[in-house]
Amino acid sequence: MIDIKEVQILSAKTRLEIFKTFNKLGYGHLGGSFSIVELLSVLYTNQMKIDPKNPEWDERDRLVLSKGHAGPALYSTLANLGYFPVEELRTLNEGGTNLPSHPDRLKTIGVDATTGSLGQGISVAGGIATGFKLDHKPNYVYAIVGDGELNEGQCWEAFQYIAHNKLNNCIVIIDDNKKQLDGPTEDILNPFDIQMKMEAFGFETLKVKGDDILGIDAAISYLKTVPDKAVCLVLDSIKGQGIPYFEELADNHSVKFNTEELKNEVNKAMASLTDIIEGGN
């Protein structure tokens, strides 16, 4: 049974630490980081087999953040779960840091795959899942890909491979937040109905709101019961999710904290997140 309060508090902590980090930097990939916060909180508290005290545990599940620019969300989640000190988050993008702008498994404790070159993460996830199948291991791979990232043809080649090989241990999660770097996804290259496309590619596919904690958890639990078929969850999310001001901000892909209005909104949001955290403790 999922603990909704635990997930809500972890989500609030994740967003708060992202804000603190971006405040120090003065900029950051806020929109796409915030849209997967609830997803990551559900995965790391209730779905993934992990051990923060033993991050190299061979029997752990793996997460591939194909949309690597959302690394701050993953880093913040890992830090809040004790993989490394929260204070280390403030070194994001600095020279010599263990937290580069995009995930690097050779640098960051808890990161399972190096990603950032869009389109490649699904191939990596399919490869890991194949290895688990060949070794007869029960482990799962969770592959998070952005809707804008689906512009890359490699994603579809990898999807076809995963479906052909019935890799039901590779749970593909598409973050459909409807925006990308240059604007609305449907204006840049219309993806049409993503759920229907994934079903046409041979995936058992569910769709759920990006902030629906119970829905995300139930969908993933169901997908784990699907035999001999590729599986996919489409997140109907919002870029900047969880903070109304940033949800409505026209350009919220990579945000510069360079106006008084924006700084004030950040401070208000941080205060609200602190209230959620303190109210739950």
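Remarks
- Cleavage-rule hits, chymotrypsin sites (Phe, Trp or Tyr not before Pro), the range 57-156, DSSP coil, Cβ neighbours within 10 Å at most 15: Trp57
- For the chain, the dipole from Cβ point charges (+1 on Lys and Arg, -1 on Asp and Glu) about the Cα centre works out to 500 debye, to the nearest 20.
- In plain terms, if you count all Cα to Cα distances in the chain and split them into 10 Å steps from zero, the share in each step is 7, 31, 38, 20, 4, 0 percent.
- Accessible area (Å², per residue) of the chain, counting only protein heavy atoms and a probe of 1.4 Å: 44
- Prolate/oblate/rounded call for the range 100-178, Cα gyration tensor, a/c under 1.5 rounded: oblate
- Whole-percent carbon and sulfur share, accessible surface of the range 1-159, 1.4 Å: 49
- Counting DSSP beta bridges with both ends in the chain, the antiparallel % (nearest 5): 15
- Between the Cα long axis of helix 71-80 and the first principal axis of the chain there is an angle of about 80°, rounded to the nearest 10.
- Global geometry of the range 58-190, whether rounded, prolate or oblate, following the gyration tensor of its Cα atoms and the 1.5 cut on a/c: oblate
- Environment charge of Thr45, counting only residues whose C-beta is closer than 14 Å and scoring Lys/Arg +1, Asp/Glu -1: -3
- DSSP-loop GluC sites (Glu not before Pro) across the range 74-138, with at most 16 other Cβ within 10 angstrom: Glu94
- Relative contact order (%) - the range 1-63, alpha-carbon pairs under 8 angstrom, separation at least six: 33
- 222 nm mean residue ellipticity, helices alone, for the chain (DSSP H n ≥ 4; -39,500 (n - 2.57); rounded to 500): -12500 deg cm²/dmol
- Remark: relative contact order (the chain) = 24 percent; criterion is Cα-Cα distance under 8 angstrom and separation of 6 or more residues.
- The dipole here belongs to the range 150-267: it is taken about the Cα centre, uses +1 on the Cβ of Lys and Arg and -1 on the Cβ of Asp and Glu, and is about 460 debye.
- Bridgeable aspartates and glutamates around Lys133 (alpha carbons under 20 Å apart, same-chain partners fewer than 8 residues away excluded): Glu56, Asp58, Glu59, Asp61, Asp112, Glu157, Glu204, Asp228.
- Calculated on the Cα set of the range 161-200, radius of gyration then Dmax: 12.8, 35 Å.
- Helix 260-280 and the longest principal axis of the C-alpha atoms of the chain enclose an angle of approximately 70°.
- Cα gyration tensor shape for the range 136-281, rounded if a/c is under 1.5, else prolate or oblate: oblate
- Restraint check, Lys53/Lys207; Lys13/Lys263; Lys13/Lys49, Cα-Cα greater than 27 Å: Lys53/Lys207
The values are calculated or read from the model by the stated rules, or taken from the named source; none is laboratory data. These numbers were taken from a predicted model, which means no experiment stands behind them. Please note: Cβ atoms are built from the backbone with ideal geometry, for glycine as well, and neighbour counts cover all protein chains shown. Remember, those area values only see protein heavy atoms, side chains included, never the ligands or the DNA or RNA. Shrake-Rupley method; radii C 1.70, N 1.55, O 1.52, S 1.80 Å.
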